[in-house]
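Structure record follows, encoded as structure tokens.
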Amino acid sequence: MLEILNVTKKYKNGALANDNISIRVNDGEIYGFIGPNGAGKSTLIKSIVGLHSFDSGSIKLDNLTLKDNQIDFKKKIAYIPDNPDLYENVKAINYLNFIADVFDIDKEKRTNLIFKYADLFEIRDSLNMPIKSFSHGMKQKLAIISALIHEPKLLIMDEPFVGLDPKSSYDLKQIMQEFVAEGRIIFFSSHVLEVVEKLCDHIGIINAGKIVYDGSFSKINADKSLEDFFLELTENEKHN
Ligand code: ADP
């Protein structure tokens, strides 16, 4: 279980980007995190993955608290940012092997996982090419494969569907469902509300740094789309 409890983050310029946020995501859930631009999504994601500190509150995965168990916590998670920075001059296969080395994954296991996902995303033939020759979508696929190699308990993704063609989006959705079917957790942000509506067991809406909805979407209103609901809850805020 992922437990975010009363997390507050204020930037040095005074922006209160996350105001007392509490979210609990159970094992086996896909959590869709949505909100207008500037609402505070990336700020919370960066806190969960330990990219910056936060002022108060706690973040816990199973029995590990981020602040007290940084290394063990990070071993159990994977993070795919919205615009992954990869080593451009390295061949894709060498990059994946490097990540597998970092997490100490044995040869047989890494080979199986790399080829399984490279076949699914149809980039196996490109694995011997330097990453700089990859398109944005191919880089996104490579980042997704690298996140799956150590079989994390929690997968966090910022806008994972941006740049993927329809077939790759479909494949990613399949991978996400397979991932949580094993009792693991996905936490992702997206502006593609149709995908969130279809894919997520649990959604969170953040507006101006505060959680304005946290729960199952299907229970809200059978007649209402997630888009209508989202706009109702967030329309009073400035969209930048
Ligand atoms: P989202 O991901 O939902 O678009 P962010 O978390 O990036 O929102 O931003 C939330 C708020 O925090 C915004 O007001 C933004 O301007 C501010 N902010 C984000 N990053 C920084 C930063 N590094 N320094 C100062 N303010 C920031």
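Which of the listed residues, 13, 99, 56, is farthest toward the dipole's positive end in segment 1-154, when Lys, Arg count +1 and Asp, Glu count -1 at the beta-carbon?
Looking along the dipole axis, the top candidate is 13.
Ignoring ligands, DNA and RNA, what percent of the accessible area of segment 149-228 is carbon or sulfur (1.4 Å)? Working shown, then result.
Numbers: 1680 of 3420 Å².
Using a 1.4 Å probe with all protein chains present, segment 149-228 comes out at 49 percent carbon and sulfur.
Could you rank 154, 51 by how accessible they are, 1.4 Å probe, largest area first?
Details: 154 0, 51 110 Å².
If we order 154, 51 from most to least accessible, we get 51, 154.
Indicate, rounded to the nearest 5 percent, the antiparallel portion of the DSSP beta bridges found entirely in the chain. Before the final figure, lay out the partial values.
Values: 19 of 36 bridges.
Percentage antiparallel, nearest 5: 55.
Quick check: from the Cα gyration tensor, does the chain come out rounded (a/c under 1.5), prolate or oblate?
Working: a/c = 1.73, a/b = 1.44, b/c = 1.21.
Prolate.
Quick one: how many Å² of residue 165 are accessible to a 1.4 Å probe, rounded to 10?
70 Å²
If you wrap a convex hull around the alpha carbons of segment 84-151, what volume per residue comes out, as a whole number of Å³? Please report the intermediate quantities before stating the final value.
On the way: hull volume 5.1 nm³, N = 68.
Measuring per residue, one finds 75 Å³ for the Cα hull of segment 84-151.
At 1.4 Å probe radius, can you tell me the per residue accessible area of segment 84-151 in Å²?
Values: 3660 Å² over 68 residues.
Value returned for segment 84-151: 54 Å² of accessible area per residue.
Determine the alpha carbon to alpha carbon distance for each of 67/224; 12/198; 74/141; 107/141; 9/91 and list only those over 32 Å. Please list the in-between numbers first.
Details: 67/224 40 Å; 12/198 38 Å; 74/141 21 Å; 107/141 21 Å; 9/91 38 Å.
From the list (67/224; 12/198; 74/141; 107/141; 9/91), the Cα-Cα distance tops 32 Å for 67/224; 12/198; 9/91.
For a protection proxy built on the mean count of beta-carbon atoms within 10 angstrom, sort 33-40, 70-77, 176-183 highest first, please. Each step should come with its number before you reach the end.
Numbers: 33-40: 22.0, 70-77: 15.6, 176-183: 13.8.
Packing proxy ranking, top to bottom: 33-40, 70-77, 176-183.
Suppose the Debye formula is applied to equal point scatterers at every Cα of segment 68-196; what is log10 I(q)/I(0) at q = 0.12, 0.17, 0.22 Å⁻¹?
Taking Cα atoms of segment 68-196 as identical point scatterers yields -0.43, -0.90, -1.54.
Could you size up the charge dipole of segment 113-186 around its Cα centre, putting +1 on the beta carbon of Lys and Arg and -1 on that of Asp and Glu, and report it in debye to the nearest 20? Write down the numbers at each step before the final one.
On the way: 9 positive and 10 negative charges, 26 e Å.
Roughly 120 debye for segment 113-186.
Nearest 500 deg cm²/dmol is fine: what mean residue ellipticity at 222 nm does the chain get from its DSSP H runs of n ≥ 4 alone, each adding -39,500 (n - 2.57), divided by its residue count?
Values: 8 runs with 84 residues, N = 240.
-10500 deg cm²/dmol, from helical runs alone.
The values are calculated or read from the model by the stated rules, or taken from the named source; none is laboratory data. Everything numeric in this text was worked out from a predicted model, so none of it was measured. Every residue, glycine as well, gets a Cβ built from its backbone with ideal geometry; the counts of neighbours run over all protein chains shown. We work out accessible area using only protein heavy atoms, side chains counted, and drop any ligands, DNA or RNA first. Shrake-Rupley method; radii C 1.70, N 1.55, O 1.52, S 1.80 Å.
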